[in-house]
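Written below as structure tokens is the structure these notes are about.
Read-outs throughout are calculated quantities, based only on the coordinates presented, and are distinct from any laboratory measurement. Since we're looking at a predicted model, the values are computed, not measured. FYI the Cβ positions are ideal-geometry reconstructions off the backbone, even for glycines, and counts take in every protein chain you see.
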Amino acid sequence: MRLIGGLLLAGLIAGSAAAATPPTVAVFPLELYDTSGEGPSPDQERRLRMLDAELLARLAESARYAPVAAQLPEGAPGIRNCNRCDIKAAARLGAPLALSGVVHKISSLILTLTLVLREVPSGETRHVWRADFRGNTDESWQHALNWMLRHRVLAAPEHVP
């Protein structure tokens, strides 16, 4: 009887450890989609890279995901137009999930951050999170990402489509 109880307990512990392992997510660099007509700016590129670093760090700290920095293939036209190249790149990394994002700059005042989590290899969308924000400053971009992580990405139950 003790043997059976011990085996059951060992099975539960092993199952809990396996369930506690967070899924690997390939995190692609955020991109800017600028329809403002204002043209590119070094500040915006710097802000994108700032958000990339923050996103990777916060996902790792959360222990909900095991993030891996990923890159699109050389010469890819960008995440929005690459015909699932992100899914293929995530598969090469062995990641069951791919996370990509776009900052849509409508004007210097109106911007939207969108993050998309997709399954690999199907490409099926698991979550889409959006946050509108105001102001083209370091602080506004950082606030938008922090709000999205706190209230959407890391708050959403995993089973919600």
> So how much slack lies between Glu119 and Ala53, counting 0.36 nm per residue of separation and subtracting their Cα-Cα distance, in nm?
Replying inline: 21.5 nm
> Per 5 Å bin, what percent of the C-alpha pairs of region 22-153 does each bin hold, from zero upward?
Replying inline: 2, 11, 22, 24, 20, 14, 7, 2, 0
> If we count every other residue with Cβ under 12 angstrom of Ala69's Cβ, Lys/Arg +1 and Asp/Glu -1, where does the sum land?
Replying inline: 0
>> Give me Arg126, Arg118, Arg46 sorted ascending by neighbouring Cβ count inside 10 Å, so fewest comes first.
In response: Arg46, Arg126, Arg118
> Considering the dipole of region 22-153 built from charges on the beta carbon (Lys and Arg +1, Asp and Glu -1) around the Cα centre, which of Ser107, Leu32, Leu72 is farthest to its positive end?
Replying inline: Leu72
>> Using each residue's phi in region 63-80, evaluate 6.51 cos²θ - 1.76 cosθ + 1.60 at θ = phi - 60° and report the 3J(HN,Hα) Karplus result to the nearest Hz, with x for Gly and Pro.
In response: 6, 7, 10, 10, x, 10, 5, 10, 10, 6, x, 3, x, 5, x, x, 4, 6
>> Can you compute the charge dipole magnitude of region 22-153 about its Cα centre, using +1 on each Lys and Arg Cβ and -1 on each Asp and Glu Cβ, nothing else charged? Give it in debye, rounded to the nearest 20.
In response: 400 debye
> Normalised by the number of residues in region 22-153, what is the relative contact order in percent for Cα pairs under 8 Å and 6+ residues apart?
Replying inline: 26 percent
> Between Arg92 and Ser107, 0.36 nm times their residue separation minus their Cα-Cα distance comes to what?
Replying inline: 1.7 nm
>> Using Cβ contacts closer than 10 Å as the measure, can you line up Ile106, Ile87 from fewest to most?
In response: Ile106, Ile87
> To the nearest 0.05, what FRET efficiency results for Thr35 and Thr137 with a Förster distance of 25 Å applied to their C-beta separation?
Replying inline: 0.85
